[in-house]
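Below is one structure, written out as structure tokens, with a few remarks after it.
The values are calculated or read from the model by the stated rules, or taken from the named source; none is laboratory data. All figures in this text were calculated on a predicted structure; none of them were measured in a lab. Cβ coordinates were reconstructed from backbone atoms using ideal geometry, including for glycine residues, and neighbour counts include every protein chain displayed.
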Amino acid sequence: MDSHFQAPAIQNIPNEVSVPDRQRLARTTTPTERIALCEDMILCYPGRPSIYFEVQLATTLGQLGAKPLALAHFRKAQTLLAQDGGSDDSLDILVEILSREVAAESAKHLANSMKTGPFSQKWIPTKAHRFPTTQPYLPAGHEELKKRWSTLSAQTSLSQAYLRKLAVDTNHFEDVFRLTEESVKDVVKRGIADSVLQPTSESKLHDADKIRQILSDTISAYGILDQLLREPEKLNRSSICEAHARLMHTCRFLEPGRYIPPGETRSTTRTTVDILGYNSAQCCPFTEVDKEVDYICNMSKQWIRSWRNPFATASWIHLVLTRCNPFDDGNGRIARIIASIPLVKTGYPPISITMSHRTSYYAAIPQAYDGDHSPFIQCLVDGMRDTISYVQGVA
């Protein structure tokens, strides 16, 4: 560790760290390996032992130029050290210097981001997005969809096959990877662990082991749904960040030179995310992200509890989350997970949008922004219906 820190808790590997973990530390050579290992160690050794790893993690992030993230972890180390009755003058000075630098750079970055555009859809706060109370009635085909899902989900193997197909599609959708049709069928039929994964030639990712892990991460993120259905009051920023942390566990290092901090919102990373293309959209300023997510969660719980049309509720939740874009990446996948809550709660399957509906999906989002949620609701029905049909034909 850098010698300018004096506190033993920062200088020395904690005594609690096992011999195998010490050996893992000694073997790490690249920044990505060190980040991943430090994140694991912070979870394995909470409290005082994590001070060392928080500083190690912050130092590595700083070396990669991720100053806001480095500052966040240095501050965590500073707090933990104070709680343990210790202090470190060098750490305090470093936090003060970094705080000034991050504040100045963030202010400049935010000012520049507000000058970009023009956008087809400008950012408006969640409270300005009218809930679709004009659509109290369930969409055409909902009875058949509910009946088919009831039949399918009665067999655990088939409901799990649906989730596996959904996991493939949601990653195909965001161009994380692309599998051949034979591989998709194999995943749906035999499971993630036993299937043969063959990426297509145009896939951005060709490492089958990483693809397998991403699929497992995606299934794990959907596990949040079960928790929130049992305890709906726990739909909050923390649970959404937990879903993101699960989802992005492997994806955090996919792009060379880019690190996506799992479970950290843009309020921490201080990044601007906008949606470019024909229907360009300005997203929430990073200074407002956490406040917006808190508001979205509170209003979502109210509408899930009170509104009679779960498809309308799902469409609204999806819209406001995608327009907020709380994270550096993974926002569409997270929005589809959280927007599934009102549907699953009322006996429908989780949202699954197949690649054949990709164009209509992206066209429907700006229409929902303008107040017409009907096209997006129809896209939900079509996607879930097609996924059920696919599973029934393959599994």
Worksheet item: What residue, of CYS251, CYS324, CYS283, is modelled with pLDDT under 95 and crowded, with 20+ Cβ neighbours inside 10 Å?
Response: CYS283
Discussion item. Considering only residues that are more than 21 Å from GLY86 (Cβ to Cβ) and in contact (Cβ under 8 Å) with a residue 24 or more places away in the chain, which ones fall in segment 44-61?
Written reply: THR60, LEU61
Worksheet item: Is one or more of the residues making up segment 227-237 in contact with a Ser or Thr (Cβ under 6 Å, 6 or more places away or on another chain), at pLDDT below 95 and either closer than 30 Å to GLY117 by Cα or assigned to a helix (DSSP H, G or I) (or both)?
Response: no
Practice prompt. Tell me which of these ASP169 doesn't satisfy, since it passes every other one: (1) touching a Leu at 6+ places or on another chain (Cβ under 8 Å); (2) under 24 Å from PRO375 (Cβ atoms).
Written response: (1)
Worksheet item: Hey, among ILE97, ILE42, ILE35, ILE10, which residue is hydrophobic (A, V, I, L, M, F, W, C) and loosely packed, with under 12 Cβ neighbours inside 10 Å?
Response: ILE97
Practice prompt. Please determine, by comparing only the residues of segment 252-268 that are within 14 Å of the chain's Cα centre (by Cα) and β-branched (Val, Ile, Thr), which one is nearest to ASN171 (Cα to Cα).
Written response: ILE260
Fill in: Yes/no for ARG305 being surrounded by 22 or more Cβ atoms within 10 Å (Cβ to Cβ), assigned to a helix (DSSP H, G or I) and either at pLDDT 95 or above or not acidic (Asp, Glu) (or both)
no
Worksheet item: Which of (1) outside any loop (DSSP other than H, G, I, E, B); (2) at pLDDT below 95; (3) of a type outside the set (D, E, K, R) is the odd one out, the single condition GLN160 does not satisfy?
Response: (2)
Practice prompt. Determine which member of the set ALA314, ALA281 is hydrophobic (A, V, I, L, M, F, W, C) and under 25 Å from GLY117 (Cα atoms).
Written response: ALA281
Worksheet item: Taking segment 163-199, which residues are within 22 Å of THR322 (Cβ to Cβ), modelled with pLDDT of 95 or more and among the hydrophobic types (A, V, I, L, M, F, W, C)?
Response: LEU163, LEU166, ALA167, VAL168, VAL176, PHE177
Fill in: Tally, over segment 71-90, of residues that are surrounded by 12 or more Cβ atoms within 10 Å (Cβ to Cβ), out of contact with any helix residue (DSSP H, G or I) (no Cβ under 6 Å at 6 or more places or on another chain), in contact (Cβ under 8 Å) with a residue 40 or more places away in the chain and part of a helix (DSSP H, G or I)
1
Discussion item. Please verify whether SER195 is outside the structural domain of GLU33 (by TED's automatic domain parsing), under 28 Å from SER389 (Cα atoms), in a loop (DSSP other than H, G, I, E, B) and among the polar types (S, T, N, Q), treating the condition exactly as stated.
Written reply: yes
